[in-house]
Amino acid sequence: MTSLLDGVVIASSVTFFKGWDLWGNYTTIDLIAATTNALNGALLARRPDHYKNFTIIGILLMALLGGLGGGISRDVLLGDVPSALTNPAYITLCLAAGVVGYLIAYGAGQLFREGLFQFMTSFSLPWYAIVGAQKAIGQGVPVLGAILIAIIGPTAGRWLIDVSCGVTPKQFIRGEWFVSIAALTGAVWIVATWAGAGTWLAAAIAFAIGFTVRVIALYRAWEEPLATEPKGVYQHSDGRPHLGRKLSHKSQRELRDLGLVVDDVGQVAEAGGGASLSSQGGIR
């Protein structure tokens, strides 16, 4: 039986303010990626096709799933204690991003997410992939396994959000080369490292290629090819609007695809439903 003295000793060993690290090896990159994905998770939770009557706590949890899900999955697969559990900066920044995502006006937040924020997430995806490949290779994981880890890091958080919302995960449906770019970035980092490039040079090369390809894919609306559909089945949309139209708020089709339409009195209504929501600043 644990004595009172033992309890005091255990309590004294608990550290509440230690472990903070913002500048360690790849830590800054990992934190930026986690925070970006957390904001994305909160905004996704408020999108009509994902929203399921979430509470405020539910939205914050979605932010944590988006921001920490990929990194925790990566670290657990590699047999490490997840960085998000040992460095309080991860949870703190992701919760802060979740609050920001919650406070952003509903309509304006969705336009932000589908426009400028899509450009911003192009920054986090390749960095997450690089960190995954670097950690995997550092632990002696074979190349194919390392590339798989490079994919899991940037995409697992989105998978957890989509499944929690009852939506088909983004990894499996038509999109702007989401999984493929993560795999490409990880593979480029591995090749550059084998070729003798230093840690940061290899990271810079891999990031430049992954980021450039993703941004071009967004701007040109390039999409992964669809599989042959069963006869008589046609469920996908006719392509995605170019990012340039999203950034300029000119893509009304994107609003319809999100489940948002704008009426003459500045109300935002969910497509297919009867409920209306205030535009909170309007959608243009």
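Considering only the range 131-174, state which residues are of a type in the set (Val, Ile, Thr), over 25 Å from Leu43 (Cβ atoms) and crowded, with 20+ Cβ neighbours inside 10 Å.
Ile137, Ile147, Ile149, listed by residue number.
Have a look at Thr212, Thr228 and point out the one that is assigned to a loop (DSSP other than H, G, I, E, B) and either loosely packed, with under 15 Cβ neighbours inside 10 Å or modelled with pLDDT under 65 (or both).
Thr228
Select from the range 149-203 the residues that are assigned to a helix (DSSP H, G or I) and without any contact (Cβ under 8 Å) to a residue 12 or more places away in the chain and write down the one among them that is nearest to Asp30 (Cα to Cα).
Trp200
Output yes when any residue across the range 53-70 is modelled with pLDDT under 85, surrounded by fewer than 24 Cβ atoms within 10 Å (Cβ to Cβ) and in contact with a helix residue (DSSP H, G or I) (Cβ under 7 Å, 6 or more places away or on another chain), and no when none is.
Keep residues of the range 53-70 that are modelled with pLDDT under 85, which gives none.
No, every residue in the range 53-70 fails to be modelled with pLDDT under 85, surrounded by fewer than 24 Cβ atoms within 10 Å (Cβ to Cβ) and in contact with a helix residue (DSSP H, G or I) (Cβ under 7 Å, 6 or more places away or on another chain).
Yes/no per residue for (1) at pLDDT below 95; (2) surrounded by 13 or more Cβ atoms within 10 Å (Cβ to Cβ); (3) closer than 22 Å to Arg214 by Cβ:
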| residue | (1), (2), (3) |
| --- | --- |
| Leu5 | yes, no, no |
| Phe17 | yes, no, no |
| Asp21 | yes, yes, no |
| Asn37 | yes, yes, yes |
| Ala45 | yes, yes, no |
| Tyr90 | no, yes, no |
| Arg113 | yes, yes, yes |
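The values are calculated or read from the model by the stated rules, or taken from the named source; none is laboratory data. Quantities reported herein were computed from a predicted structural model and do not represent experimental measurements. Every residue, glycine as well, gets a Cβ built from its backbone with ideal geometry; the counts of neighbours run over all protein chains shown.
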